[in-house]
1. For region 167-180, which positions are over 18 Å from residue 73 (Cβ atoms) and in contact (Cβ under 8 Å) with a residue 60 or more places away in the chain?
2. Filter region 141-161 down to residues that are in contact (Cβ under 8 Å) with a residue 12 or more places away in the chain and either closer than 18 Å to residue 121 by Cα or buried (at least 18 other Cβ atoms within 10 Å of the Cβ) (or both), then give me how many there are.
3. From the set of residues in region 122-140 that are in contact (Cβ under 8 Å) with a residue 24 or more places away in the chain and in contact with a helix residue (DSSP H, G or I) (Cβ under 8 Å, 6 or more places away or on another chain), which is surrounded by the most Cβ atoms within 10 Å (Cβ to Cβ)?
4. Please specify each residue of region 88-122 satisfying the condition of being closer than 26 Å to residue 46 by Cα, outside any loop (DSSP other than H, G, I, E, B) and out of contact with any strand residue (DSSP E or B) (no Cβ under 7 Å at 6 or more places or on another chain).
5. Does region 8-25 hold any residues that are part of a loop (DSSP other than H, G, I, E, B) and within 19 Å of the chain's Cα centre (by Cα), and which are they?
6. Please go through region 72-87 and give me each residue that is touching a strand residue (DSSP E or B) at 6+ places or on another chain (Cβ under 6 Å) and in a loop (DSSP other than H, G, I, E, B), ordered by number.
7. Determine whether residue 183 is at pLDDT 90 or above, over 18 Å from the mean Cα position of the chain (by Cα) and farther than 21 Å from residue 68 by Cβ.
8. Hey, could you check region 136-164 for residues that are more than 18 Å from the chain's Cα centre (by Cα) and in a helix (DSSP H, G or I) and say which is farthest from residue 70 (Cα to Cα)?
């Protein structure tokens, strides 16, 4: 099943994403024998990983996650050593990066009351209303590419260290606000052993 699912993954993302327009080429494919197959595409700015999971049995849910990384991101690991620190090298842009690009404040992010304009527009679009599952996720990221363009990719560009440091500082402020909010609401902190903080990124 995994080999078939891998082929379906590649066919789907190459049908939905305009890799040629943005200069992405396929550079790495996971083994077809693993449970959650994925494929990575690189451009001069960054890397993008499409990971498929679920759907092993009839009627079981099937979904896809999309992660962005800088050009030094590991093919097979989510964490890596950077400047002698363990850091996240693959990033879910929906959670923080797009909100950073949109100029939301750390307080607005923690409160979670503001939906991204691009996300709201996509949900109301014909495609957003008619497709589902992995295709919905792929089409959503194509909408991100069309909306943010090179701004999104440049955030991860190793040639823009000053922008990345602004983003790291932003994540630090988000973490501070999250901790303050949790203390105010008496929510115990959730810390996983060996997991870096949200601002420990590379």
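The values are calculated or read from the model by the stated rules, or taken from the named source; none is laboratory data. All figures in this text were calculated on a predicted structure; none of them were measured in a lab. FYI the Cβ positions are ideal-geometry reconstructions off the backbone, even for glycines, and counts take in every protein chain you see.
1. Result: 170, 173, 174, 176, 177, 178.
2. Qualifying residue count for the region: 11.
3. This residue is 134.
4. Correct list: 98, 99, 100, 101, 106, 109, 117, 118, 119, 120, 121, 122.
5. Within region 8-25, 17, 18, 19, 22, 23, 24 qualify.
6. 73, 74, 75, 78
7. No.
8. Of the residues in region 136-164, the ones more than 18 Å from the chain's Cα centre (by Cα) are 159-162.
Now restrict to residues that are in a helix (DSSP H, G or I): 161-162.
Working: 161: 11, 162: 14 Å.
It comes out as 162.
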